[in-house]
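Working notes, structure below.
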């Protein structure tokens, strides 16, 4: 059982792959990319963009408080998003933190 009381099933094949590790030496590590285009994630780092609906209205995702809504384009920073390489997430330009 897991921490939410759900039954966990694990196959022998999954158990084998779960016990395999890769060793990565710190001295061989490449410096983390902080700007430009990330080929790994297919995104420009810290470059603002809009998330547009594929519907005919072409509305944008907008951050209103802590909620996301689909709104008509208005030019506000709450409709701008960027890829944050440090956290590897898409964040709102209009909300700091």
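Derivation of every value follows stated rules applied to the coordinates shown; laboratory data play no part. In this text, all values refer to a predicted model and were calculated from it rather than measured experimentally. FYI the Cβ positions are ideal-geometry reconstructions off the backbone, even for glycines, and counts take in every protein chain you see.
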Exercise. Can you give the FRET efficiency for residue 47 and residue 7, using 1/(1 + (r/R0)^6), R0 = 30 Å, r = Cβ-Cβ distance, to the nearest 0.05?
Worked result: 0.10
For this session: Pop a pseudo-label 7 angstrom from the Cα along the beta-carbon direction at both residue 37 and residue 71 and give the gap in nm to one decimal.
Result: 3.1
Problem set entry | Peptides 22-33, 52-63 ordered by average Cβ neighbours within 10 Å, highest first | 52-63, 22-33
Exercise. Using a simple spin-label model with points 7 Å from Cα along the Cα→Cβ vector, what separation in nm is obtained for residue 91 and residue 24?
Worked result: 2.1
